[in-house]
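In what follows, a single structure is set out as structure tokens and then discussed.
The values are calculated or read from the model by the stated rules, or taken from the named source; none is laboratory data. Nothing here was measured: the structure is a model prediction, and the numbers come from that model. Ideal geometry is used to build each Cβ from the backbone, glycine not excepted, and the neighbour counts take in all protein chains shown. For the accessible areas, the whole protein counts, side chains as well, though only heavy atoms, and no ligand, DNA or RNA atoms are used. Shrake-Rupley method; radii C 1.70, N 1.55, O 1.52, S 1.80 Å.
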Amino acid sequence: MNEAFALGVRNGIPDDIAYLRARHPHGGWTTHVNFGQLCDFWLHVHQSLRSEGAAVETIIADFREGRIDARAFPQRFVPALNQFLGHLDGHHQIEDAVYFPKFRALDPRMARGFDLLEADHHAIHAALESTVASARGLLASLADARAADTHAAAAATLTRLLVRHLTDEEDLVIPAMLEHGERRVR
Ligand SMILES: [Fe+2]
Ligand SMILES: [Fe+2]
């Protein structure tokens, strides 16, 4: 894959990869005749991943800035992080195994976009593993400010990569479902 389109460096995907985006611009999605349950569900999952990621970041910031103490922090942090990462991992697994192959089968022109999204999933998975490792480090030494810094940086990287990925994925999958009908990818 072209390094310029790597998840960590790109700022959106070009029109030749998101080749249906101009025909189905974001503002018209929900009113399109082919916008159905799967499109709606997809956008809702992405929205909940964004808010779960943001909730974890808020808990980390509250701890680092003294609004949550070391005793209360794990009870808030661990369930929120587990929920977010479990949801994220499960979503990517089903995309890789079930949905992405169906999008690829719609049209050979889909291949470049879905190669890119799959590469994103690998990059996000690596960031997820760094987040888990640094979370363990933090929980093992709550008094160590460096452990909190390390984890905050890892979580921020994961969130930044994920937010870019979700938007770009929506630019590929929603126009494809509007163009071809959701039945073809269900
Ligand atoms: Fe994805
Ligand atoms: Fe997704």
Next on the checklist: For the stretch 106-126: of the residues being aliphatic (A, V, I, L, M), in contact with a Lys or Arg (Cβ under 9 Å, 6 or more places away or on another chain) and in contact (Cβ under 8 Å) with a residue 24 or more places away in the chain, which is nearest to ligand 2 (Cβ to nearest atom)?
Outcome noted: L116
Item to check | Condition check for T31: open to solvent by 60 Å² or more (accessible area, probe 1.4 Å), over 28 Å from A4 (Cβ atoms) and not in a helix (DSSP H, G or I) | outcome: yes
Checklist entry - Applying the selection to the stretch 1-10, what residues are touching a helix residue (DSSP H, G or I) at 6+ places or on another chain (Cβ under 9 Å) and either of a type in the set (G, A, S) or in contact (Cβ under 8 Å) with a residue 60 or more places away in the chain (or both)? => result M1, F5, A6, L7, G8, R10
Item to check | Of residues in the stretch 127-142 being over 30 Å from Y99 (Cα atoms) and touching a residue at least 24 places away in the same chain (Cβ under 8 Å), the one nearest to ligand 2 (Cβ to nearest atom) | outcome: A135
Checklist entry - Within the stretch 130-167, restricting attention to residues that are more than 16 Å from ligand 1 (Cβ to nearest atom) and polar (S, T, N, Q), which residue is nearest to W42 (Cα to Cα)? => result T157
Checklist entry - Any residue in the stretch 114-121 that is closer than 27 Å to E179 by Cβ, among the small types (G, A, S), open to solvent by 10 Å² or more (accessible area, probe 1.4 Å) and under 13 Å from the mean Cα position of the chain (by Cα)? => result yes
Checklist entry - Restricting attention to the stretch 60-67, does a residue exist that is surrounded by 13 or more Cβ atoms within 10 Å (Cβ to Cβ) and closer than 25 Å to D115 by Cα? => result no
Next on the checklist: So in the stretch 73-99, with the set limited to residues that are open to solvent by less than 70 Å² (accessible area, probe 1.4 Å) and near ligand 1 (Cβ under 10 Å from one of its atoms), which one is nearest to the chain's Cα centre (by Cα)?
Outcome noted: L88
Checklist entry - Pick from A61, A22, A55, A4: which is at negative phi and in a loop (DSSP other than H, G, I, E, B)? => result A22
Item to check | Residues that are within 22 Å of T159 (Cα to Cα), among the basic types (K, R) and open to solvent by 20 Å² or more (accessible area, probe 1.4 Å), drawn from the stretch 1-28 | outcome: none
Checklist outcome for this item: When the stretch 27-70 is checked residue by residue, the ones that are in contact (Cβ under 8 Å) with a residue 60 or more places away in the chain, more than 16 Å from ligand 2 (Cβ to nearest atom) and under 25 Å from G181 (Cβ atoms) are H32, N34, F35, G36
Item to check | Residues satisfying the stated conditions in the stretch 158-186, i.e. open to solvent by 40 Å² or more (accessible area, probe 1.4 Å) and either farther than 16 Å from N11 by Cβ or outside any helix (DSSP H, G or I) (or both) | outcome: E179, H180, R183, R184, R186
